[in-house]
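Notes for the one structure printed next.
The values are calculated or read from the model by the stated rules, or taken from the named source; none is laboratory data. This one's a predicted model, so the numbers in the text were calculated from it and none came from an experiment. Neighbour counts run over all protein chains shown; Cβ positions are idealised from the backbone, glycine included.
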Amino acid sequence: RKEVEQDPGPFNVPEGATVAFNCTYSNSASQSFFWYRQDCRKEPKLLMSVYSSGNEDGRFTAQLNRASQYISLLIRDSKLSDSATYLCVVNIRSGGGNKLTFGTGTQLKVEL
Amino acid sequence: GAVVSQHPSWVICKSGTSVKIECRSLDFQATTMFWYRQFPKQSLMLMATSNEGSKATYEQGVEKDKFLINHASLTLSTLTVTSAHPEDSSFYICSAETSGGALGDTQYFGPGTRLTVL
């Protein structure tokens, strides 16, 4: 079983749509959680951290359910510029250091 | 702040040659640097973690004699792919982390190096 699992998509949605991505992780010792965005042939960029209480940043809302080991990302009023691959990332702290584990990503294509 | 650069951004080499990739933190001191590899349509996979002045810690399955990592200063880490072969062709990405302070424990990623071995 992969440590971080995501539906690879692609999700093709019209501009203005609301889209949700889900992610599950297998290691219950995971301590912090993130969504990254990766454009084609580019490095990943931090979109937002994910907290148990849920958090929102503009059109983006992230939720974490530790009991179910489940993370979600909701994008409202999607824009063409949101087209990218969204990576679910978990951090496990061990030996005094951080280790990020990445999902394979969910591809989003926003269309006119 | 928190900019990480990588050089070169892309490289094409012949099989059997060695390739060195540099990763620099431009405006902060990186206590730890990480090297990742990403094959097409796959996730980033951590190859190794390096702390300044000490030996790198390699992930299972990553050959330390093939992927030489040097973290000589708090702003520079290098990855050398020795005797590269076509199966080493990949997107190599570094990240840098500093502990505490305003930047916290966040990893900041470089723009990546695309290696093609012929």
| Any idea how many residues of the stretch A:16-55 are in a strand (DSSP E or B), within 12 Å of chain B (Cβ to nearest Cβ) and crowded, with 21+ Cβ neighbours inside 10 Å? | 5
| note | Those residues of the stretch B:1-52 that are hydrophobic (A, V, I, L, M, F, W, C) and not in a loop (DSSP other than H, G, I, E, B) come to a total of 15
| Criterion (within 29 Å of B:Tyr58 (Cβ to Cβ) and small (Gly, Ala, Ser)) met by exactly one of A:Ser28, A:Ser72, A:Ser68, A:Ser78 | A:Ser28
| said: Take the residues in the stretch B:37-75 that are more than 14 Å from chain A (Cβ to nearest Cβ) and surrounded by 17 or more Cβ atoms within 10 Å (Cβ to Cβ); name whichever of them is farthest from B:Val117 (Cα to Cα). | reply: B:Leu74
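Residues are listed down the side, and each one gets a yes or a no for (1) farther than 22 Å from B:Val3 by Cα; (2) charged (D, E, K, R); (3) at pLDDT below 95:
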residue	(1), (2), (3)
A:Leu64	yes, no, no
A:Tyr86	no, no, no
A:Gly96	yes, no, yes
A:Lys99	no, yes, yes
| query | Here are some residues: A:Glu5, A:Glu56, A:Glu15. Which one is touching a helix residue (DSSP H, G or I) at 6+ places or on another chain (Cβ under 9 Å) and farther than 14 Å from A:Thr85 by Cβ? | reply | A:Glu15
| query | Is there a residue in the stretch B:7-28 that is more than 23 Å from A:Ser94 (Cβ to Cβ) and within 12 Å of chain A (Cβ to nearest Cβ)? | reply | yes
| field | Of residues in the stretch A:101-110 being at the interface with chain B (Cβ under 9 Å from one of its Cβ atoms) and either in a strand (DSSP E or B) or among the acidic types (Asp, Glu) (or both), the one surrounded by the most Cβ atoms within 10 Å (Cβ to Cβ) | value | A:Phe102
